[in-house]
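Worksheet: the structure to be examined is printed underneath.
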Amino acid sequence: MNDKELLTSETTKEKESTSFASSIYEAVSVVISAIFIIALIFTFGFRLVGVSGNSMINTLVDGDWLIVTPYYTEPEYGDIVISTHRLETMGPIVKRVIATEFDEVNIDEDGSVFVNGEKLNEASYTVPVDHRYGDLSYPITVPENHVMLMGDNRPWSSDSRYSHVGFAPVDALLGKAQLRLSGESDIYFNFNKNN
């Protein structure tokens, strides 16, 4: 092998090793960029939250998945939210906002819920009840920067009607459920099967 052939062979090997190193660098860059983008999406865009338990039947069932967005506005009546205010004892809970700060809530003996004197029309999504559940005395006023949360399956929901759960601070709300991915392979927007 002459000097010219030796030089050409070495140059080819250098190009191949540089090309391999460049490919590895590109692959690592793509993976790191993808992880960073996913972290941004899950931090500021949305989260995927699994439903465990039956406290939200008829709306949600055990095994459903929710796409949850952070709150950028104040929570409103009817929002389905994830609260972390009892994280150490209950874990995150999925409930419906029944009342917001300064609302007066009354639950009569047959379980009907009144907010600021008006009876809530909840028949389309709650499990019917025939008496009051919980250990609170009514009427009661929701404190500032708090919400009252209740599960749709009222007989089986541990929620703001019980003193061990209480009202949820607004800053403990992980976010609002926007989309339900059912365990039955159905997708529901705004939790309405007709949409």
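Read-outs throughout are calculated quantities, based only on the coordinates presented, and are distinct from any laboratory measurement. No experiment lies behind these values; they were computed from the predicted model shown.
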>> Per residue of the range 46-53, what does 6.51 cos²θ - 1.76 cosθ + 1.60 with θ = phi - 60° give for ³J(HN,Hα)? Whole Hz please, x for Gly and Pro, Karplus curve as stated.
In response: 7, 10, 9, 10, x, 8, 10, x
> So what J values fall out for the range 142-152 if you push phi through Karplus, 6.51 cos²θ - 1.76 cosθ + 1.60 with θ = phi - 60°, rounded to Hz, Gly and Pro as x?
Replying inline: 6, x, 4, 6, 10, 10, 9, 10, 9, x, 6
>> Rounded to whole Å, give me the distance from the Cα center of the range 131-157 to that of the range 75-105.
In response: 10 Å
>> For a quick check: with amide H placed at 1.01 Å from N, whose amide H comes under 5 Å from Lys176's, ignoring anything fewer than 5 positions away on the same chain?
In response: Thr69, Tyr71
>> Can you compute 3J(HN,Hα) from phi for each residue in the range 119-134, using the Karplus curve 6.51 cos²θ - 1.76 cosθ + 1.60 with θ = phi - 60°, rounded to whole Hz and x for Gly and Pro?
In response: 6, 6, 8, 10, 4, 6, 9, 9, 6, x, 10, 10, 7, 7, 10, x
> Whose amide H sits under 5 Å from the amide H of Asp64, counting only residues 5 or more places off or on another chain, with H placed in the peptide plane?
Replying inline: Val51, Gly183
> Residues with amide H under 5 Å of Ala99's amide H, sequence separation 5 or more or different chain, H placed in the peptide plane at 1.01 Å from N; which?
Replying inline: Met148
> Using the Cα gyration tensor of the range 18-160, with a ≥ b ≥ c the square roots of its eigenvalues, what is the shape: rounded (a/c below 1.5), prolate (a/b larger than b/c) or oblate (neither)?
Replying inline: prolate
